[in-house]
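All remarks here apply to the structure that follows.
The values are calculated or read from the model by the stated rules, or taken from the named source; none is laboratory data. As the structure is a prediction and not an experimental result, all values here were calculated from the model. Every residue, glycine among them, receives a Cβ derived from its backbone with ideal geometry; neighbour counts consider all protein chains shown. When the accessible area is computed, the model is the full protein with side chains, heavy atoms only, and any ligands, DNA or RNA have been set aside. Shrake-Rupley method; radii C 1.70, N 1.55, O 1.52, S 1.80 Å.
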Amino acid sequence: MTGFVLEARDVGVRFGGVRALSGVSLGVRAGEVCGLIGPNGAGKTTLFDVVSGIRRPDAGRVLLDGADITRRSPVWRARHGMRRTFQRQQLFGQLTVADNLLVAQEWRGGGGGLAADMLAAPSRRSRAAARAERATAVLRACGLASLADSSAGALPVGRARMVELARALADPPRVLLLDEPASGMTADERVQLSAVIRRLADEQGCAVLLVEHNVAFVMELCARVVVLDLGAVLAEGTAAEVRADAAVRDAYLGTASVNGRSTGMPAPP
C-alpha cells in the first residue's frame, strides 16, 4: 500500500470479548473520494474513531503521509489537516451559520495576542477580515450564503449537515472524514453535497473517506469503495467491481434502488 495520504494498516479493535475490527487496512490518495460501506455493526464508525484519533487501536497503525500518527491526539491530527464530521450533528446551535465557520478558524490565533485583540490592532483586523472572507467563500461554495446570519440550531437536518461540511472546509483540509454526510438530506441536497465533495477532491486535492448508508450515493460519487463486514474488509474495488461481488450482496441480503431503478448493489441495512 503506497502513495496514500492517509492509511490504516492491520487495525484491530476489541471491546471486551467482542472483535470490532480485525486486520483492517485501507488508504486514500490525494484527490480521491473513497467510500466505506457495510451492514450495521460492520465496524465503520469504529474505524473512523481510530483514524481520527478518538480511539486508540489494540493493533495496527494509522499513517499520515507515511508517518505513524497512531498515538497522536485528535487535536494534533486536526491541526495537520485532518477534518471529520459525525453521525450526530455537532453544530454550535447558539451561533449563526457564519460564526460556526469562523470558530473553526480560531485555533490559528488572532494575530498579535491578547493585546492586539483588546486594542483592535491592524494585525487582528486583517486576520479577522481574511477569515470572514474565507467563511463567505465556503458558504457560497456550499450553497449556504443566504443562511449566513441564520441560527445554526434552527436549521433542518439537511441544511445542518451541509453547514457541518462547510465548517470542516473553513480551514482547508488535506484529509476529510465524512460519517454519513447525506443522512437526512433531500435528493437535491445530496446532489449539491456530491458536487461540493467532487470539487474539493478535484480542485484542492483533498483525500476524502466517507461512510454512508445510502449505497447508491456512494456508488455514484466514489472512485473506489471498501466494504466492511463483521470487522474485516470484505471487498474493495471500483463501484462496478463491488456491485458484482457475490459476497457483498450476501452480506446485505437485498438490492438497492434509486427512484425505483435497481443499482445492482445491496440495499443499506
*Compute the Cα gyration tensor for segment 37-196, then decide on rounded, prolate or oblate, letting a ≥ b ≥ c be the square roots of its eigenvalues: rounded whenever a/c is under 1.5, prolate when a/b is larger than b/c in the other cases, and oblate in all that remain.*
oblate
*Treating the angle as unsigned and between 0 and 90°, give the value, to the nearest 10°, between the Cα long axis of helix 122-141 and the longest Cα principal axis of the chain.*
40 degrees
*Per residue solvent-accessible surface (Å²) - the chain, probe of 1.4 Å*: 46 Å²
*By how many degrees, 0 to 90 and rounded to 10, does the Cα axis of helix 157-170 deviate from the longest principal axis of the chain?*
70 degrees
*For the Cα atoms of the chain, what angle does the longest principal axis make with the long axis of helix 187-204, in degrees from 0 to 90, nearest 10?*
80 degrees
*Under a point-charge model restricted to the Cβ atoms of Lys and Arg (+1) and Asp and Glu (-1), what is the dipole moment magnitude of the chain relative to its Cα centre, in debye to the nearest 20?*
640 debye
*Leaving out ligands, DNA and RNA, what percent of the accessible area of the chain is carbon and sulfur, probe 1.4 Å?*
51 percent
